[in-house]
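This report refers to the structure that appears directly beneath it.
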Amino acid sequence: MLVDVNGCSVYAYTGGRAFDATRPSIVFVHGACNDHSVWALQSRYFAHHGSNVFAVDTPGHGRSGGDARNSVAGIADWLVALLDALAIERAALVGHSLGALAVLDMTARNPTRVSRIALLGPSAPMPVADVLLDAAKKNDHAAFELINGWSLSAGHLLGGSEQPGVWMSGNALRLMERSRPGALYNDLIACRDYSDGVKAAGSIRCPAWVMLGQRDLMAPPANATLLIEALADKRVVTVSGCGHSLMAEAPRAVLDGLREFLL
Amino acid sequence: MSKPKFAHFDTLTLHAGATPDPATGARATPIYQTASFVFPDSDYAAALFNMERAGHVYSRISNPTCAVLEERISALEGGVGAIAVASGQAALHLAIATLLGAGSHIVASRSLYGGSHNLLDFTLPRFGIETSFVDPRNLDQWRAAIRPETRLLFGETLGNPGLEVLDIPRIAALAHEHDLPLLVDSTFTTPYLMRPFDHGADLVYHSATKFLSGHGVVIGGLLVDGGRFDWRRSGKFPTLSEPYSGFHDMIFTDESTTAAFLLRARREGIRDFGACMAPMTAFQILQGIETLPLRMQRHVENTRKIVAFLAAHDFVASVGYPELEQHPDHQLAQKLLPRGCGAVFSFAIRGTRDQGRKFIESLRIFSHLANVGDAKSLVIHPASTTHFRVSAEKLAAAGITEGTIRLSVGLENVDDLIEDLSRALYAASKTK
């Protein structure tokens, strides 16, 4: 579906289901240089199991208009505007990587709008390698290759997809190649400059679920330690052998964890 | 953080898609010889059927052994995914049936494998799909043939049997000008010699029966999606961008930004037409791919020596191999096929039809049969076999004469192969 948010057209995948005000709502927020499709399996599942689902393309990504925000707070504010535009008072938020930081920040500043949060591959801080930032600034294809190589675990760089016939590395690369010039750079700046993650986590009182990839190089599990400690009501799952691309590398584990937490 | 390490091509031929079997530790890819897979519970089953979970339901739709092969060919081609099917012909049909319906149109190279030509020229019109055939070297003909209802451009990396080198960069650019995809049959070249996606193609398929499996023991096909074509933006492919009542009104371009084509092909084409690959076949093709780089190097080395021998032989009228300077596509081949132009080529003897027959019947190592891409050397007479149903006029247009002989050069000692050819040429030359 398309929805107008602050004058900009926004695309949200709904699992093919019409909005039902009597159902709970879940918003899925993708990470840097991705779009709604990274949540295809999980969002479709919840859409067909009693929830309204909105797997969004954030501004400047996928089919959504506008420019990619260059701050976590900017994406968080946009999430509030999205809920307003959808006339949803309260929703569960699920975010991956940069999307997880946006969920964290939005929830900390708007606690009444969020019922629970799921953070996949979060990190606070979330440093970005200079070589990656430089390549992204130049819209150099090397930036996509670096992200791809660091996002999949070494084992999964050789495949082993749970989704029959899908070559994870190639699929991730093609998705990034579709992004608009400058979008990745803005995303990475947002990651690099966000310094309020632990503080935000400390102020959140709703239930939180955190999933980490044991072999995540983009957001190493150790970088989430303080954030997790600061959360008041949390569950933490670490996926063995998995990198940063949790939804692609471990779709079953992601769905099973989300089911247990959200249903 | 050190730069990521991506495996090289020859490492991917051995490892892509395969992990040691989690149940047994088996290093080789197991043959999952099962029709179906047990569901843990009803909710899990429903989720698998409704594309809410990843996994296998029934081996017509997907199978773990076939899935390893699908990942491997995707990795080697640089695509997003693939579907393993019953044959190369099944792959071509699946690509067309996924994208086109009655009233739509294809522009295709006229230099195609005879089976592909049959499908396009004789069979598909019965289902309302027409094809215009064009000279693969003439971009103006490709352009002029495109109609409002055209939905696909199609050619072979190396034409059959004339070895016209498909100018993929220019034809892909033309296709994309018209918001159309380019489908390429890459059977003769394999990803070792050329990766069509690197040059702009959108879909690639193989008869894996040939060089990929490499030993002439299976029939199989592989259809690979490059993941770059924007089916939604094109607006010409309602099978992908509009609700499909055959699958809960699913809009495939909403489900996957990059692999909508593969979703539809699997959820409809394989489901309904059923031309799936058997897991044993997938295993055998995987075994072949493990040695693809080594075999292709040897295939090309042997071919170059045989081409040189034939080109210098008095009883040979012509040799069509793009590495020869006189071949019309010599320069293009140097650009697109720097590792070699494969191991299948044609030549013509200076003689009558009877002398051609005598030549083939005098060979001892080359086997006279209808296949290419075997480890063993093969020979055939296209006019009486693979292109039997093609009219004389169309034969001539495809560069085939009654004296044309096609070789598929194998992995034997090249001196033995040259001796075999030399003796057969001598025998033919002495025949009245």
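Things to note:
- Matching helices (runs of 4 or more DSSP H) fully within the range B:232-285 where at least 3 residues are closer than 29 Å to B:Arg72 by Cβ and within 11 Å of chain A (Cβ to nearest Cβ): B:252-255, B:260-264
- Per this entry, B:Arg53 is counted among residues that are within 8 Å of chain A (Cβ to nearest Cβ) and outside any helix (DSSP H, G or I).
- Among the candidates B:Ser256, B:Ser234, B:Ser245, B:Ser207, residue that is under 22 Å from the mean Cα position of the chain (by Cα) and polar (S, T, N, Q): B:Ser207
- Looking only at the range A:8-58, and only at residues there that are more than 12 Å from chain B (Cβ to nearest Cβ) and aliphatic (A, V, I, L, M), the one that is surrounded by the fewest Cβ atoms within 10 Å (Cβ to Cβ): A:Ala21
- Selected residue [under 30 Å from B:Asn371 (Cβ atoms), part of a helix (DSSP H, G or I), at pLDDT 95 or above and not aromatic (Phe, Trp, Tyr)] from B:Arg126, B:Arg137: B:Arg126
- Qualifying residue in the range B:65-88 (condition: outside any loop (DSSP other than H, G, I, E, B), away from every other protein chain (no Cβ under 14 Å) and surrounded by 19 or more Cβ atoms within 10 Å (Cβ to Cβ)): yes
- Taking every residue in the range B:48-77 that is within 18 Å of A:Ala40 (Cα to Cα) and in the same structural domain as B:Ile270 (by TED's automatic domain parsing) and pairing it with any residue that is at pLDDT 95 or above and among the aromatic types (Phe, Trp, Tyr), at least 6 positions away or on another chain, the pairs with Cβ-Cβ distances below 6 Å are B:Glu52/A:Tyr45; B:His56/B:Phe37.
- Conditions (1) in contact with a helix residue (DSSP H, G or I) (Cβ under 9 Å, 6 or more places away or on another chain); (2) away from chain A (no Cβ under 11 Å): number failed by B:Asp41: (1)
- Restricting the first member to the range B:310-338 and to residues that are assigned by TED's automatic domain parsing to the domain that holds B:Ser422 and of a type in the set (Val, Ile, Thr), and the second to residues that are crowded, with 20+ Cβ neighbours inside 10 Å and part of a helix (DSSP H, G or I), the beta-carbon pairs closer than 8 Å and six or more apart or on different chains are B:Val316/B:Leu310; B:Val316/B:Leu425; B:Val319/B:Val307; B:Val319/B:Leu310.
- Residue in the range A:170-182 that is more than 14 Å from every other protein chain (Cβ to nearest Cβ) and more than 22 Å from A:Val103 (Cβ to Cβ) present: yes
- Test: residue in the range A:97-106 that is surrounded by fewer than 24 Cβ atoms within 10 Å (Cβ to Cβ), at pLDDT 95 or above and in contact with a Pro (Cβ under 6 Å, 6 or more places away or on another chain): no
- Per-region count, the range A:230-263, residues assigned to a helix (DSSP H, G or I), more than 16 Å from the chain's Cα centre (by Cα) and either within 10 Å of another protein chain (Cβ to nearest Cβ) or among the charged types (D, E, K, R) (or both): 4
- Meets criteria (crowded, with 23+ Cβ neighbours inside 10 Å, at negative phi and under 17 Å from the mean Cα position of the chain (by Cα)) for A:Leu227: yes
- Only one of A:Gly197, A:Gly159, A:Gly165, A:Gly213 that is touching a His at 6+ places or on another chain (Cβ under 6 Å), crowded, with 21+ Cβ neighbours inside 10 Å and either more than 11 Å from chain B (Cβ to nearest Cβ) or without any contact (Cβ under 8 Å) to a residue 12 or more places away in the chain (or both): A:Gly213
- Exactly one residue out of A:Ser153, A:Ser123 is assigned to a loop (DSSP other than H, G, I, E, B), surrounded by fewer than 24 Cβ atoms within 10 Å (Cβ to Cβ) and not hydrophobic (A, V, I, L, M, F, W, C), and it is A:Ser153.
- Residue in the range B:7-38 that is farthest from the other protein chains (Cβ to nearest Cβ), counting only those that are surrounded by 14 or more Cβ atoms within 10 Å (Cβ to Cβ) and under 30 Å from A:Val128 (Cα atoms): B:Phe9
- Flag for A:Gly213 being under 16 Å from the mean Cα position of the chain (by Cα) and at pLDDT 95 or above: yes
The values are calculated or read from the model by the stated rules, or taken from the named source; none is laboratory data. Only a predicted model underlies this, so the values are computations on that prediction, with no experimental measurement involved. Reconstructed Cβ throughout: ideal geometry from the backbone, glycine too, with neighbour counts over all protein chains shown.
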